[in-house]
Number of protein chains: 2
Amino acid sequence: MSPAKASTRRVLVTGATGFIGRHSLAPLQRRGFEVHALARSIPADAAPGVLWHTGDLLTGGARSLLEAVRPTHLLHFAWYAEHGKFWTSAHNLEWLSATLSLLRDFAAAGGTRFVGAGTCAEYDWSGNLYDETVTPLRPATLYGAAKASAFLTGEAFAKTAGIEFAWGRVFHLFGPGEAANRLVPALIRAHLRGESLDCGPENHQRDFLSAASVADAFAALCDREITGAVNIGSGKPRTFRELSDTIARLAGSRGDIRFGAIRDPGPETLVPNVDRLLGETRGEAHGEARWTPPASLEESLSESIAWWRNHL
Amino acid sequence: MSPAKASTRRVLVTGATGFIGRHSLAPLQRRGFEVHALARSIPADAAPGVLWHTGDLLTGGARSLLEAVRPTHLLHFAWYAEHGKFWTSAHNLEWLSATLSLLRDFAAAGGTRFVGAGTCAEYDWSGNLYDETVTPLRPATLYGAAKASAFLTGEAFAKTAGIEFAWGRVFHLFGPGEAANRLVPALIRAHLRGESLDCGPENHQRDFLSAASVADAFAALCDREITGAVNIGSGKPRTFRELSDTIARLAGSRGDIRFGAIRDPGPETLVPNVDRLLGETRGEAHGEARWTPPASLEESLSESIAWWRNHL
């Protein structure tokens, strides 16, 4: 193998057409990766310069693809994600098993660094600030349990196999293609139309990121050497009222948001400690990913508002 | 279906020839179960009255067997357990997947109660007293991680499937067939032979149970309605020195035990809270399994000593 060949970083992205995955290809290319994308079918608007592969991890696995591509990095987004069903679906069991098979096949094919997509639903939600090393994993849902299991068993396996394992925990995101009744699009549509909307308590607080920003954070996790669980967030949480007021200001119109009219199944504050991701903590840089969001919340919301203006 | 038929409780035991499993069949029969045993091969000394089935959960699964037997209860011991290798083996991934498939097939075949075998290695070992609901799951090994994953995902799946799920966490056990260099047999042999033995610190404390007692506790978990994780222990922990002194007294001879001569990889105290199993806590009975060990530690150690007298 020539020295030039040895230094090529090849990443295989699973779920490459998904809600987050579709935004990850360009940021990976910008970071110098040769990008291979795996999906059940190749999208019509496939990005240029990406090498597409079709396959279904649940039925065929990826062993032959991994042996053919021999990726150095694997960015694993693929999972069952059907809105309203994914929390309790038995498909979570299949995706847990498929994820562990994928990791094992990746290691066997010479891979060196695996990055997977986790969720805040892995944590015990009785706290406020969720910390990767302090907050216990005590998932309340099957989805959260299966993701926590993929993390626990995947990380432990990676140690025995001598490969790096990082696990980005996604908190609250929004972006094109999401269900219209989720919080951010519901607020955008209500404000754009000047309509009323029943909403959770005004003081409930979340760390919102666009799907594109989350995907950029995952590209950074691929690029860096940080291992273990890494919360993904901006570090700038907003209350539901702050979010709503920002959207109204950016939209230039205001609906009637009835805060507290509906129950929020989540806790009052569900906010990640993002010291590991951002590398900022009490003046002391111990974060290892050194990520900066590529867009502010206002910029990302403006994009979403523009999109929804055309999809009302 | 006749009323008599409807009240029959049929249990399928996996790993029925294993270190714990082989002791579980008689206690299940005593509790009124129709006992079906699954193993890769039927043992020569198969207990009478047990219905044996052969199969390998890793290669063929158990769907057809479950559909044929239609057990109401499943007691799942089968897992990779090769001494010295099981902590780090990639087989843990296969057994996690096989366990979740088994649980799913059991629910689909009309099963109502699943009891699985967990381990103290699922817990964060930085504490002292391990409590099912308080102590975080923070496994340090692949074996512990895979077992914790089977618990987390299995319990969450069972809730969605409407079946009961209990998970017995095994702490420190001993019994016939175990490796001679494990703590209890090593102490027994040293005392019987009057030889010297390098041992961990004298004040390290564990809750020791015989494999037969642990199996009896699992039979009780099948029999009762308790769900969730249940620590398995006697509630009477001993230090290494107390254990050694008891063995010397029962053996009637004494070896030279060099306490502190070797490092113990575990914490000083690794002892389960057994309130859930025994139903004793501060005078208030909230334990739900109401189990009593069928033998004292002294009785169990005497049996082991007698066995080792014939196997020195």
(message) Residue by residue through A:158-167, how many Cβ atoms from other chains fall within 10 Å of the Cβ on average?
(response) 2
(request) Calculate, in nm to one decimal, what A:Ala46 and A:Trp87 gain on full extension: separation in residues at 0.36 nm each, minus their alpha carbon distance. (result) 11.8 nm
(message) Quick check: residue separation of A:Glu202 and A:Asp131 times 0.36 nm, minus the Cα distance between them. What number comes out in nm?
(response) 23.1 nm
(message) How many angstrom lie between the Cα centre of the range A:31-46 and the Cα centre of the range B:115-155?
(response) 38
(request) Please tell me the relative contact order of the range A:1-88 in percent, rounded to the nearest whole number, where contacts are Cα pairs under 8 Å and at least six residues apart. (result) 35
(request) Identify the trypsin sites (Lys or Arg not before Pro) of the range A:1-106 meeting these criteria: DSSP loop state and at most 14 other C-beta atoms within 10 Å of the C-beta. (result) A:Arg40, A:Lys85
(request) Enumerate the amide H contacts of B:Arg40 below 5 Å, restricted to partners 5 or more residues apart or on another chain; note that Pro and chain-start residues carry no placed amide H. (result) B:Gly55
(request) Could you sort B:149-155, A:297-303, A:155-161, A:145-151 so that the peptide with the highest average Cβ count within 10 Å comes first and the rest follow in order? (result) A:145-151, B:149-155, A:155-161, A:297-303
(request) Starting from the range A:192-263, pick out the trypsin sites (Lys or Arg not before Pro) whose DSSP state is loop and whose Cβ has at most 14 other Cβ atoms within 10 Å. (result) A:Arg263
(request) List the residues whose amide H sits under 5 Å from the amide H of B:Gly200, counting only those 5 or more places along or on another chain, with H placed 1.01 Å from N in the peptide plane. (result) B:Gly260, B:Ile262
(message) With a cut-off of 8 Å between alpha carbons and a minimum separation of six or more residues, what is the relative contact order of chain B in percent?
(response) 17
(message) Tell me which DSSP H helices of chain A clear both cut-offs, 20 Å or more of axial length from alpha-carbon atoms and a mean Kyte-Doolittle hydropathy of at least 0.0.
(response) A:91-108, A:142-161
(request) Search the structure for amide H atoms under 5 Å from the amide H of B:Tyr130, placed 1.01 Å from N in the peptide plane, and list their residues when 5 or more places away or on another chain. (result) B:Val271, B:Asn273
(request) For the protein assembly as shown, state what percent of all Cα-Cα pairs lands in each successive 10 Å bin, counting from 0 Å until the bin that includes the largest distance. (result) 3, 15, 23, 23, 18, 12, 5, 1, 0
(message) Under the convention of a label 7 Å out along Cα→Cβ, give the distances in nm from B:Ile262 to the same position in every other copy, shortest first.
(response) 6.1
(message) Please list 3J(HN,Hα) in residue order for the range A:171-178, calculated via the Karplus relation 6.51 cos²θ - 1.76 cosθ + 1.60 where θ = phi - 60°; whole Hz, with x for glycine and proline.
(response) 9, 10, 10, 8, x, x, x, 7
(request) Kindly give the distances from B:Thr54 to its copy-mates, label point to label point, with each label point 7 Å from Cα along Cα→Cβ, as nm values to one decimal ordered shortest first. (result) 4.4
(request) Could you give me the radius of gyration and the Dmax of the range B:194-312, taking only the C-alpha atoms into account and expressing both in angstrom? (result) 16.3, 47
(request) Lys and Arg at +1, Asp and Glu at -1: add these up for the other residues within a Cβ distance under 10 Å of A:Ser101 and post the number. (result) 0
(request) Please average, across the residues of B:265-274, the number of beta carbons from any other chain that are within 10 Å of each residue's own beta carbon, and give a whole number. (result) 0
(request) Please state, as a whole number in µm²/s, the translational diffusion coefficient that the Stokes-Einstein equation yields for the range A:1-60 at 20 °C and 1.002 mPa s, with Rh defined as the Kirkwood radius across alpha carbon pairs. (result) 175
(request) For the pairs A:Lys159/A:Lys236; A:Lys159/B:Lys159; B:Lys147/B:Lys236; A:Lys85/B:Lys85, note any where the Cα-Cα span goes beyond 29 Å. (result) A:Lys159/A:Lys236; A:Lys159/B:Lys159; A:Lys85/B:Lys85
(request) Using only the Cα atoms of chain A, construct the convex hull and provide its projected area averaged over every direction, in square nanometres to one decimal. (result) 16.4
(message) At 7 angstrom along the Cα-to-beta-carbon line, where would the label on B:Glu299 sit relative to the other copies? Give the distances in nm, shortest first.
(response) 7.3
(request) Let me know the mean shielding of A:96-106 by other chains, meaning the per-residue number of their Cβ atoms within 10 Å of its Cβ. (result) 3
(request) Please give the peptides B:65-71, B:88-94 ranked by average Cβ packing (other Cβ atoms within 10 Å per residue), highest first, as a rough proxy for protection. (result) B:88-94, B:65-71
(request) Report the relative contact order of the range A:187-302, percent, no decimals, based on alpha-carbon pairs under 8 angstrom and at least 6 residues apart. (result) 40
(message) How would A:Thr99, B:Thr246 line up from fewest to most surrounding beta-carbon atoms within 10 angstrom?
(response) B:Thr246, A:Thr99
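Projected area of the range B:1-134, taken from the Cα convex hull and averaged over every viewing direction, in nm²?
Projected area, direction-averaged: 10.2 nm².
Taken together, the values in this text are just the output of simple stated rules run on the coordinates, not laboratory data. Predicted model, so just to flag it, every value in this text is computed and none were measured. Methodologically, a virtual Cβ is constructed for each residue, glycine included, from the backbone with ideal geometry; neighbour enumeration extends over all protein chains shown.
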